[in-house]
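Heads up: the structure comes next, in structure tokens.
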Amino acid sequence: MRLSRYFLPILKETPKEAEIVSHRLMLRAGMIRQQSAGIYSWLPLGHRVLTRIGQIVREEQNRAGALELLMPTIQSADLWRESGRYDDYGKEMLRIEDRHEREMLYGPTNEEMITEIFRSYVRSYRDLPLNLYHIQWKFRDEVRPRFGVMRGREFLMKDAYSFDVDQEAARHAYNKMFVAYLRTFARLGLKAIPMRADSGPIGGDMSHEFIILAATGESQVFCDKALLEMPIPGEDTDFDADLTPVVKSWTSHYAATEEKHDEAAFAALPEDARVAARGIEVGHIFYFGTKYSEPMGAKVATPDGAERPVHMGSYGVGVSRLAAGLIEASHDEQGIIWPDSVAPFDVGLISLKVGDAKVDAACADLYEKLGKAGRDVLYDDTDGRPGAKFATMDLIGLPWQLIVGPKGLNDGLVELKRRATGERETLTPEAALNKLT
Ligand code: ATP
Ligand code: MG
Ligand code: MG
Ligand code: MG
């Protein structure tokens, strides 16, 4: 992509309304635009990041055997009356009336709808296990939308729903998502720690929030330091095998959010192993048994011939919140530092002298070859000052900057900078291409 043809509305001033660094940087880097309180447009640069995060989430859901579908954002109130949640949900639900005065709502989550789909088609335990997910916009009329897309009112969530014949099978479904989440967040370059979370009326130990540590996080969390260095299950994980050992290796260390915190158990850890910090909830997995299947009549025939309500779990990832969470976890004074896996472009190619025949030719050649090798390149072919160009590239945080100027080219050299470390290397264009492809 040539910057001269791109839409990258960089802000020079630091927006005053933004209280945390990710919100400031997303606005300054031209990633998002607020349209109403807690409602955002994703501008081209932000949209690329959102898409890449969604894709990693998708790949790991698929790897774990979940199946993607797409449910609508607008739901009917009657569906929610069946579960009893229409009245319970309260003011966080955006209620809508259509022209026929039918009550509708903008979905804050999809348990009811997925249960309706399930009960319409599935009759037997032979069709289980089943896990269906989508990546779709949600709306929650948060009391205090803030911190940009971190706590929006409209936000993008991946939500998966598992269906199993009994609690034991549901535990396996839960473990699969537990492992999928470990892999997802690690691929995003994040250390997300599964922490015991409130499991509501069902009880039991089958609810975990995945939390990344950040000073600006809204949750107070407590955990064992060992969890920060745990190995992540590999790509070759067999999701049909028993995953209990992996899950146990994580859950045997202390980790809890404030609601589930046990001060005595925490105090029993050696002092230097105690981490008490702020955290951001980026995912939440939850087994809730027959809470929806029972009132909504989602039953399956079991091996003993009886019909029983199906056991369910739900599994959310805050896809749009992650874009902000990633920036909270990775930035410096100059701007964002994207991990390679989600960067909006892989390389920023900077021409220091647009119009200089040699520089133009070298840039065009590098741009073409990088593109052919499958690299996404943002080519700054505008006639700005070098200082401003460097500042923009540092702000938008692409992993590599490839800098081409007339002086260097006279000696047959270009410069390559790694955004994360600031390391610079002077090398031939061929050597740079080798490094980047
Ligand atoms: P929170 O405690 O932050 O309000 P939640 O527990 O209400 O989140 P869940 O119902 O568990 O949220 O939804 C799954 C995921 O969706 C959360 O883990 C979070 O990453 C994301 N999420 C929830 N609410 C928002 C929001 N208002 N803006 C952006 N992401 C959100
Ligand atoms: Mg909430
Ligand atoms: Mg929560
Ligand atoms: Mg939650």
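The values are calculated or read from the model by the stated rules, or taken from the named source; none is laboratory data. As the structure is a prediction and not an experimental result, all values here were calculated from the model. Cβ: placed from backbone, ideal geometry, glycine included. Neighbour counts: every protein chain shown. For the accessible areas, the whole protein counts, side chains as well, though only heavy atoms, and no ligand, DNA or RNA atoms are used. Shrake-Rupley method; radii C 1.70, N 1.55, O 1.52, S 1.80 Å.
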Practice prompt. Give me the accessible area of K353, 1.4 Å probe, in Å² rounded to the nearest 10.
Written response: 100
Item to complete: State the percentage of accessible surface on the chain attributable to carbon and sulfur atoms; use a 1.4 Å probe and exclude ligands, DNA and RNA.
Response: 48
Worksheet item: Cα gyration tensor of region 279-324, axes a ≥ b ≥ c as square roots of the eigenvalues: rounded (a/c below 1.5), prolate (a/b > b/c) or oblate?
Response: prolate
Fill in: Fluctuation leader among M195, M71, M157 - the chain, Gaussian network, Cα springs under 10 angstrom
M71
Discussion item. How would region 137-235 be classified by its alpha-carbon gyration tensor: rounded, prolate or oblate, with rounded meaning a/c under 1.5 and the a/b versus b/c comparison settling the rest?
Written reply: oblate
Worksheet item: Among the helices of the chain (complete DSSP H runs), which have Cα atoms covering no less than 27 Å along the helix axis and a Kyte-Doolittle mean of at least -0.5?
Response: 167-187
Worksheet item: Which three lengths, in whole Å and largest first, does the chain cover when its Cα atoms are put on their principal axes?
Response: 82, 61, 42
Worksheet item: Roughly how many Å is it from the Cα centre of region 133-155 to that of region 371-437, as a whole number?
Response: 36
Worksheet, complete the sentence: Given 18-28, 210-220, 82-92, the highest-first ranking by average Cβ count within 10 Å works out to 18-28, 210-220, 82-92
Worksheet item: What 222 nm value per residue comes from the helices of the chain, counting each DSSP H run with n ≥ 4 as -39,500 (n - 2.57) and dividing by all residues, nearest 500 deg cm²/dmol?
Response: -9500 deg cm²/dmol
Worksheet item: Of E103, E68, E209, which has the largest mean-square fluctuation in a 10 Å C-alpha GNM of the chain?
Response: E103
Item to complete: With a ≥ b ≥ c taken as the square roots of the eigenvalues of the C-alpha gyration tensor of region 80-166, please select rounded if a/c is under 1.5 and otherwise prolate if a/b is larger than b/c or oblate if it is not?
Response: oblate
Worksheet item: Can you give the accessible area per residue of the chain, in Å², using a 1.4 Å probe?
Response: 45
